[in-house]
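J.: Sending over a structure as structure tokens; questions will come in a sec.
The values are calculated or read from the model by the stated rules, or taken from the named source; none is laboratory data. Computed from a predicted structure; not experimentally measured. Every residue, glycine as well, gets a Cβ built from its backbone with ideal geometry; the counts of neighbours run over all protein chains shown. Remember, those area values only see protein heavy atoms, side chains included, never the ligands or the DNA or RNA. Shrake-Rupley method; radii C 1.70, N 1.55, O 1.52, S 1.80 Å.
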Amino acid sequence: MRWTSWLPKPRNRRLCAVGLDIGPDSTSLVVLSGFLSQPDSVCCAERLELPDGLVSHGEVMQSVLLGRWLRNYLEASDYQPDGAYLGLDDACVSNHLVTIAAGLSPEDVAFQLQAEVQSLLPEYAPEVWIDYRLDAEPAQEGEQRYVVQAAPRLRVEALQRVAHFAGLKAVVVEPRCDAAHRTEVSDTLSTLPQASAALALQCDEAFGLALRAWQDDGVNLLPHRDHAYDVLRRAWLLGVTVCAIGGAFLAAGFAMVMASAADSRQPQALDVSASSRALDEAQKAHAQVKVVHERKAEQARWLKVRQDLQSQSLQWSRVLSHAAQGVWVASVKQQGTRWTVQGEALSSNHAQQLVKQLKALDIWAQAPELPQLQVMPSVSSTGLPIWQFRIEADLKVGV
């Protein structure tokens with residue numbers, strides 16, 4: 001059994017990474033090690049002979065059994081990797097170019113891109129996880145364009161489980177083609193011994209995956225941006241703990257001052273001054289800790305409100321994106337909890353049907369209403385009259 005040390009690790013420590021490539025034809029494994037600056041040793045590079053039924057055409061069928069098999073394999077060779085870098089079949093990854101409003105917060109950008117990509121997929125498509133980057137081409141004023149890559153959540157979670165049951169931390173899940181390209185453009189092979197380089201080239205995708213531990217650039221289809229929310233929650237808990245400890249120190253300091261005063265009926269001026277300074281310092285420390293705690297608590301409340309709002313927005317955006325034919329949504333505005341939709345319909349029944357679908361959502365403090373529904377003078381290309389409508393509602397957030 002290996003024990004994890006809580007002591008700081010030295011700067012010159014070595015890093016060991018596992019690159020696991022599950023391709024449509026074979027499964028490859030590379031174990032790469034080296035100092036933090038660059039890798040210098042290929043510990044293992046081979047195509048694995050897996051038991052039947054664990055993997056089929058690049059898809060993990062038995063993630064728990066595969067993870068346990070991999071754990072036994074690594075322990076038998078006495079490898080102690082720091083993390084796993086996993087490859088996903090390129091056929092599972094879809095690419096999108098999405099344009100949204102500029103100036104949004106990072107949380108809003110992630111939410112909008114997730115909603116847009118999910119709406120572009122067919123209704124029967126499973127939920128996806130995404131990663132994105134800014135598009136190099138300039139967008140129109142007030143807009144920002146992103147290159148988004150998406151993969152089915154179930155496929156990514158299966159790879160996470162493989163790493164978990166192998167006793168590893170899943171650091172990155174990326175397309176296999178990106179890993180192969182990293183191997184092609186990297187100059188690391190020229191610094192490795194010739195025998196190690198030749199061994200690594202037999203498993204170029206797995207080698208590129210392991211190399212990601214030293215070259216942290218590229219797509220990561222794991223929800224790594226959600227880590228920021230976890231950091232915020234942990235910071236809030238830390239603030240609570242520090243506040244409690246500060247209060248305990250304040251109480252202890254006050255008790256010492258009182259005990260000192262009781263033990264000496266005629267205290268000397270020096271002792272009184274020292275006790276007073278100790279009490280002042282304890283009060284200042286407690287005040288500082290209290291401010292930190294209140295700030296963390298406010299951040300946690302803010303995060304909760306934003307998450308609730310994003311959850312509600314995702315629900316109504318799906319209804320609008322899958323609205324029945326005959327309805328065109330021109331604009332959606334949301335100011336605080338007030339929500340307004342304007343658009344056109346081929347008949348009043350189409351607009352009322354959209355209102356009915358929205359009312360079915362459990363996100364409203366005040367259910368959607370149709371204060372405006374009128375026939376426009378112009379007609380559609382089909383010769384039918386066009387109805388203009390406006391829907392208004394209040395979301396639960398903030399109520």
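J.: Tally Lys and Arg at +1 and Asp and Glu at -1 over the other residues with C-beta under 10 Å from the C-beta of Gln366: what net charge comes out?
T.: Around Gln366, the surrounding residues sum to -1.
J.: Taking the simple approach of a point 7 Å from Cα along Cα-to-Cβ for both Glu137 and Arg153, what is their distance in nm?
T.: The two pseudo-label positions are separated by 3.1 nm.
J.: Taking a probe of 1.4 angstrom, what is the accessible area of Met61 in Å², to the nearest 10?
T.: Here the residue's solvent-accessible area equals roughly 100 Å².
J.: Based on the Cα atoms of the stretch 122-213, what semi-axes does the equivalent ellipsoid have, where each is the square root of 5 times one gyration tensor eigenvalue, given in whole Å with the largest first?
T.: The equivalent ellipsoid of the stretch 122-213 has semi-axes of 31, 22, 10 Å.
J.: Continuing with this model, one more query. Along Cα→Cβ, 7 Å out, is where each label goes; now give me the distance between the ones at Arg338 and Glu49 in nm to one decimal.
T.: If labels sit at Arg338 and Glu49, their model points lie 7.2 nm apart.
J.: Within the stretch 324-351, which residues have the backbone N less than 20 Å from the label spot 7 Å out from Leu370 along Cα→beta-carbon, could you tell me?
T.: Answer for the stretch 324-351: 324-333, 339-351.
J.: Of the listed peptides 206-214, 85-93, what is their order by residue-averaged count of other C-beta atoms within 10 Å, with the highest listed first?
T.: In descending order of packing, they fall as 206-214, 85-93.
J.: Just to verify a number: FRET efficiency for Ser56 and Gln202, C-beta to C-beta distance, R0 = 30 Å, to 0.05?
T.: Working from the Cβ atoms, E equals 0.85.
J.: Suppose the chain between Leu97 and Glu294 were pulled fully straight at 0.36 nm per residue; how much longer would it get relative to their current alpha carbon spacing?
T.: Roughly 66.8 nm would be gained on extension.
J.: Moving on. Of all trypsin sites (Lys or Arg not before Pro) in the stretch 86-183, which ones are in loop regions per DSSP and have a Cβ with at most 14 other Cβ atoms within 10 Å? Provide the component values of the computation, followed by the final result.
T.: Numbers: sites: Arg133, Arg145, Arg153, Arg155, Arg161, Lys169, Arg176, Arg182; in loops: Lys169.
When the trypsin sites (Lys or Arg not before Pro) of the stretch 86-183 are filtered for loop state and at most 14 Cβ neighbours within 10 Å, Lys169 remain.
J.: Using the scaling law 2.2 N^0.38 Å as the reference, what is the normalised Cα Rg of the stretch 75-123?
T.: 1.86
J.: A further question follows. Would you kindly state how much longer the chain becomes between Tyr79 and His181 on full extension, computed as 0.36 nm times their sequence separation minus their alpha carbon distance, in nm to one decimal?
T.: Stretched out fully, the Tyr79 to His181 stretch lengthens by 34.1 nm.
J.: Next up: Hey, can you grab everything whose amide H is under 5 Å from the amide H of Ala170? Only 5+ residues off in sequence or another chain; H modelled, so Pro and N-termini drop out.
T.: Distant-sequence amide H within range of Ala170: Ala84.
J.: Any idea how far the Cα center of the stretch 38-110 sits from the one of the stretch 118-150, in Å?
T.: After rounding, the separation between the Cα centres reads 23 Å.
J.: Another question about this same structure. Can you check what the net charge comes to around Val291, using other residues whose Cβ is under 12 Å from the Cβ of Val291 (Lys, Arg +1; Asp, Glu -1)?
T.: My count for the surroundings of Val291 gives +2.
J.: I would also like to ask the following. Give me the one-decimal nm value for the distance between modelled label points at Val329 and Ala195, 7 Å along each residue's Cα-to-Cβ direction.
T.: For the pair Val329/Ala195, the computed spacing is 6.3 nm.
J.: By the scheme Lys and Arg +1, Asp and Glu -1, what is the net charge of all other residues having a beta-carbon under 14 Å from that of Asp217?
T.: Once positives and negatives cancel, what remains is -1.
J.: Given just the C-alpha atoms of the stretch 1-153, how large is their convex hull per residue in cubic angstrom?
T.: It comes to 189 Å³ per residue, whole-number rounded.
J.: Still on this model: What whole-number value in Å² describes the accessible area per residue of the stretch 81-200 for a 1.4 Å probe?
T.: Details: 6040 Å² over 120 residues.
Ligands and nucleic acids excluded, the figure is 50 Å² per residue.
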